[in-house]
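Following: one structure in structure tokens, then a few remarks.
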Amino acid sequence: MSMKLFKARFTSGAHKLVRTMLIYSLFCFILAVNVAEAVPIQDDCKVQRCNHQDPPVRFPFRLEGQQSPHCGYPHPGFQLSCSENKQTLLRIPRSLKLLVKHKDYEAQRIDLYVPGRCLWKQLFYLNLSAFPFAEEQPGFSRLKVYRSQPAESNYTLFECSSQEKALYKKRYRVACLSTPGSQIIAFTSDDYYYGFNLLNCSYFGNFSTPISPYGIRFQLRWYKPDCGDCEAQGRGCRLCEAHILPGPIPKLNSN
């Protein structure tokens, strides 16, 4: 082997070694930065509450203004806030507001209460894709039934001035929308409202809903993200880029 060829190969090998060392050093620097940033990231995901009586808020939920976006699951149905009187509030775009009374992270169950006692007004403009919960069927609470969308019911409403008593039975009349001179009646898609005398009625509106508009309190379940098994083992979940990873349950913020 000639001296020139030897020097060329040696120089080429030296360059490769330098590049490898530079890449390795850069990797170690990035790793060190990520590790250094991990402490505050974990710290700002501490469990929060709106008040001492309300349920704790942690992944997949997050409390706006108190926990960073990465602390919760990236879906509008898991974004909570504190009301003016310090109650835990769930806002579903574009119109639904419900109070959160209880959460079971292992069973993935949430208890919601309707403030104001009239849910009908809120359901007209509900964005169904932003509602991640489904009503739980009795006797099936421990079964894992995965649904792409909650079951929906369709309602059609009419505004009537007629005095026909058959129209104003409790089953059809919407008391919180009715006035003495104007009665609002509602039919589901299973009702045969064409058999009623609607000559003195006008179309009021229609909507689809995953929960009953007659209800005041609901016990619902979420099926995604599925962290129930980790919760049963005394662990929780956390968000890592686009993936859900198991991790320790964060501590309650003592502030």
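Taking every protein chain into account, the 1.4 Å probe leaves PHE124 with about 50 Å² of accessible area, to the nearest ten. Exposure check, 1.4 Å probe, all protein chains in place: ILE211 carries approximately 0 Å² of accessible surface.
Across segment 55-61, rounded Karplus estimates of 3J(HN,Hα) from the backbone phi angles (6.51 cos²θ - 1.76 cosθ + 1.60, θ = phi - 60°) give x, x, 10, 8, 3, x, 8 Hz, Gly and Pro being marked x. To the nearest Å, what is the center-to-center distance of segment 57-108 and segment 174-191, using C-alpha atoms only? Result: 32 Å between the Cα centres.
Pairs exceeding 19 Å between alpha-carbon atoms, taken from LYS46/LYS224; LYS97/LYS121; LYS86/LYS121: LYS46/LYS224; LYS86/LYS121. Placing a label point 7 Å from the Cα of ASN127 along the Cα-to-Cβ direction, the residues of segment 59-98 with a backbone N closer than 11 Å are 75-77, 92-96. Annotation: amide H of PHE207 within the under-5 Å range of TYR155, sequence separation 5 or more or interchain, hydrogens built in the peptide plane. When GLU231, GLU135 are compared by accessible surface with a 1.4 Å probe, the order from highest to lowest is GLU135, GLU231.
Of THR88, THR188, the residue with the largest accessible area leads and the full order is THR188, THR88 (1.4 Å probe). Solvent-accessible area of SER189, all protein chains in place: 80 Å² (probe radius 1.4 Å, heavy atoms, ligands and nucleic acids excluded).
The values are calculated or read from the model by the stated rules, or taken from the named source; none is laboratory data. Source: prediction; values computed, not measured. Don't worry about glycine lacking a Cβ; one is built from the backbone with ideal geometry, like all the others, and counts go over all protein chains shown. Accessible surface areas use protein heavy atoms only, side chains included; no ligands, DNA or RNA. Shrake-Rupley method; radii C 1.70, N 1.55, O 1.52, S 1.80 Å.
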